[in-house]
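Undergrad: Please see the structure below; I have some questions.
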Amino acid sequence: MKKIVTAAIAIACAGAIFTSCSGSNPAASGSSSTASVAVGYSYGEEKTFHSDDPVTYTMSFSDAAWYAMQDEWKTEGIFKEIENMTNVHLNITSYDSNDYNQKVNLAINSGSAAYIIPKVYSEDQYVAGGGVVPVSDYTQYMPNFTAFVNKYNMNPDLDTIRQNDGKFYRLPGMHQAALQDYTIMVREDIFEAAGYKVRELEKDWTWETLHDVLVGVKKYMVSKGMCKESDYIWSDVWCGESGKGNGGNLLKLMGASYNVLSGWAISGSNGGIKFDWKKREFYSSSISEDYKKLITVANSFVKDGLLDPETFTQNDEVAHNKFYSGKTVLMSTNRGQMANDILGVQKILGNKAKCYVTAYPSGTTKNLAETSRLECGVMLSQKAREELGEAGFIKLVRFVDWLFYSKEAYSLIKWGPEGKTWEWKTVNGAKVKSLLPGYKCGGLGLSGAESDVDIRLKWGFAGGNFFYGHSTAESTDNFTPDVQDLYARYGKYKTVATVDPKAKPTEDQREQLNLWAVPLIDNINAWTLKFVTGQKDINNDWNEYLSSCKNLNVDKIVNLTNEIYKNQK
């Protein structure tokens, strides 16, 4: 592993190189609310970062097909606006979002990574090779990051991403409070016509209840000639191509309901490893009885002709088209997509088709899928530190601090420039942000006329590469009354689980765990989808599944994880 510069050396270098206007060392006052001026640039808590001379930083970009990057983003949109404010030009390397993690991994391993690497959910696989910087050595130079950590007591949360060396290698998006994003949307008009009041059912419904309700809804639809007995009335998004072969969002939501890691949640988990708070030890949720309950319930939707098994292989557009056209009556959504989903239905079926976003069902627990106040974040490459030198790298760090953690940049990235795309309005005595006439934004859940310009599609604002974290007031400032109502219902009907502690392996231990975990997770995902879609019988083949996991070292992973955790206390 390449040698890294310690925090002590970083402080010494900064002290020798930088001089503030007052003659004090800006490194020592990095969290001050007063702007500091270093040689060649200015920065500070809630102060605009600005480089005296033009500077270019490379950055990787996860390009989502449903709002693909356009040339206008660079010439007049988000990247141009960032450059206008900071004098920093971002040289973008764009990867398709479905291949983003793989392409980033290849770039890091080959030494060709961009300086700034956003949209990273787990940094564990990158640490051992020395390709990314331990950013915790540099947070002292990040006044906006530091102020947020102190204000909202984020240190216990940051401890969950520290590695064995006591450092963390990803600057995470930080929330004042955990927010659940993904849930399900239903055709309320059809449910009601079939005799089911979703707004009452959602108060305490389970996935088993939903199953029985859907049986009744389908029976009604068949009787009215709305579908055939052989048709499926649920075909979901974010589980097929974008689910990356693991069941995606749906199995993540259902998994959390049964206290297991599945779907998106199993990635980077070393094989579904969770913590038993009663026994105070780790175990594999992927071979637990709760996991068997999960796949049994998930399979019941497929087996009984409700959930289309193509959900786990199809393109998201296929599922959207089925829901928008009325062929299906249930689909996953999130706060950024729900306005588009409602609009998609209304375009084809008219206003009589009523959609309702529900608090999704519970299983053995009422826990939400989101527990942590941290989310995906930013890594900085070793290449950046080598090519920029220590002083130049600290300048980069301060730019990143502004870009991802300042209120000013958050507002710009989310809403666009004030006066150009949005304005302040007073609603019920409160000052709120509002898009200007002629604009809408799917990324903010704000719909409009068909002729309105979508500021995400046109210019790249409200995109997933930057738009995460911050205070509850900031992260919810785009919430419509309907979305605010959804979160109020979450608070009434759902609970938040305790975040599991983290075992912090050494580099050798991590390498060993990874060698075991990669084939194990592939095996778990393959078996899970076969169970759910009925290709394998849960009762007859369960023991064979358990044996396959044990043959792929699941017990060794559990034992080593517990050993690491015990010894780090």
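Undergrad: Looking only at the stretch 77-107, which residues are farther than 19 Å from Gly460 by Cβ, open to solvent by less than 20 Å² (accessible area, probe 1.4 Å) and within 21 Å of the chain's Cα centre (by Cα)?
TA: Val104
Undergrad: Additional query: Could you list, in sequence order, all residues of the stretch 452-495 that are open to solvent by 20 Å² or more (accessible area, probe 1.4 Å) and β-branched (Val, Ile, Thr)?
TA: Val453, Thr472, Thr476, Thr480, Thr495
Undergrad: Does Met85 satisfy the condition of being in contact with a Ser or Thr (Cβ under 7 Å, 6 or more places away or on another chain), aliphatic (A, V, I, L, M) and in a helix (DSSP H, G or I)? Walk me through how you get there before you give the answer.
TA: Working: in contact with a Ser or Thr (Cβ under 7 Å, 6 or more places away or on another chain): yes; aliphatic (A, V, I, L, M): yes; in a helix (DSSP H, G or I): yes.
Spelling it out, Met85 is indeed in contact with a Ser or Thr (Cβ under 7 Å, 6 or more places away or on another chain), aliphatic (A, V, I, L, M) and in a helix (DSSP H, G or I).
Undergrad: Just the residues that are of a type in the set (A, V, I, L, M, F, W, C) and either surrounded by fewer than 16 Cβ atoms within 10 Å (Cβ to Cβ) or under 23 Å from Gly445 (Cβ atoms) (or both), please, taken from the stretch 140-189.
TA: Residues of the stretch 140-189 that are of a type in the set (A, V, I, L, M, F, W, C), as a first pass: 142, 145, 147-149, 154, 158, 161, 168, 171, 174, 177-179, 184-186.
The answer is Met174, Ala177, Ala178, Leu179, Ile184, Met185, Val186.
Undergrad: Identify all residues within the stretch 239-268 that are assigned to a loop (DSSP other than H, G, I, E, B) and either open to solvent by less than 20 Å² (accessible area, probe 1.4 Å) or in contact with a Cys (Cβ under 9 Å, 6 or more places away or on another chain) (or both); write none if there are none.
TA: Step one: of the stretch 239-268, the residues assigned to a loop (DSSP other than H, G, I, E, B) are 239-240, 244-247, 258-262, 267-268.
Listed by number, the residues that qualify are Cys239, Gly240, Asn246, Gly247, Tyr258, Val260, Ser262.
Undergrad: Can you confirm whether Lys352 is open to solvent by 40 Å² or more (accessible area, probe 1.4 Å), more than 16 Å from Thr183 (Cβ to Cβ), part of a loop (DSSP other than H, G, I, E, B) and not hydroxyl-bearing (Ser, Thr, Tyr)?
TA: yes
Undergrad: Hey, does the stretch 16-31 have a residue that's at pLDDT 85 or above, closer than 24 Å to Glu387 by Cα and not polar (S, T, N, Q)?
TA: No; the residues of the stretch 16-31 include none that is at pLDDT 85 or above, closer than 24 Å to Glu387 by Cα and not polar (S, T, N, Q).
Undergrad: Does at least one position in the stretch 439-446 carry a residue that is farther than 22 Å from Asp341 by Cβ, open to solvent by 20 Å² or more (accessible area, probe 1.4 Å) and among the aliphatic types (A, V, I, L, M)?
TA: No, the stretch 439-446 contains no residue that is farther than 22 Å from Asp341 by Cβ, open to solvent by 20 Å² or more (accessible area, probe 1.4 Å) and among the aliphatic types (A, V, I, L, M).
Undergrad: Regarding Ser286, is this residue among the polar types (S, T, N, Q), modelled with pLDDT of 95 or more and in contact with a helix residue (DSSP H, G or I) (Cβ under 6 Å, 6 or more places away or on another chain)?
TA: On the way: among the polar types (S, T, N, Q): yes; modelled with pLDDT of 95 or more: yes; in contact with a helix residue (DSSP H, G or I) (Cβ under 6 Å, 6 or more places away or on another chain): yes.
Yes; evaluated as a whole, the condition is true for this residue.
Undergrad: Assess whether Glu390 counts as being surrounded by 15 or more Cβ atoms within 10 Å (Cβ to Cβ) and more than 19 Å from Pro118 (Cβ to Cβ).
TA: Criteria met by Glu390.
Undergrad: Would you confirm, using the coordinates I've provided, whether Lys197 is without any contact (Cβ under 8 Å) to a residue 12 or more places away in the chain, farther than 20 Å from Asp231 by Cα and either open to solvent by 50 Å² or more (accessible area, probe 1.4 Å) or among the aromatic types (Phe, Trp, Tyr) (or both)?
TA: yes
Undergrad: From the residues in the stretch 269-325 that are among the charged types (D, E, K, R) and in a loop (DSSP other than H, G, I, E, B), which one is most open to solvent (accessible area, probe 1.4 Å)?
TA: Step one: of the stretch 269-325, the residues among the charged types (D, E, K, R) are 274, 276, 278-281, 289-290, 292-293, 303-304, 308, 310, 316-317, 322.
Adding the requirement that they be in a loop (DSSP other than H, G, I, E, B) leaves 278-280, 304, 308.
On the way: Lys278: 193, Lys279: 138, Arg280: 122, Asp304: 70, Asp308: 14 Å².
Looking at the filtered set, the residue picked out is Lys278.
Undergrad: Taking the condition open to solvent by less than 20 Å² (accessible area, probe 1.4 Å), under 14 Å from Met85 (Cβ atoms) and of a type outside the set (D, E, K, R), does Leu380 pass?
TA: In short, no.
The values are calculated or read from the model by the stated rules, or taken from the named source; none is laboratory data. Just so it is clear, the structure is predicted and the values come from calculations on it, not from any experiment. Cβ: placed from backbone, ideal geometry, glycine included. Neighbour counts: every protein chain shown. These accessible areas exclude ligands, DNA and RNA; they are computed on the full protein's heavy atoms, side chains included. Shrake-Rupley method; radii C 1.70, N 1.55, O 1.52, S 1.80 Å.
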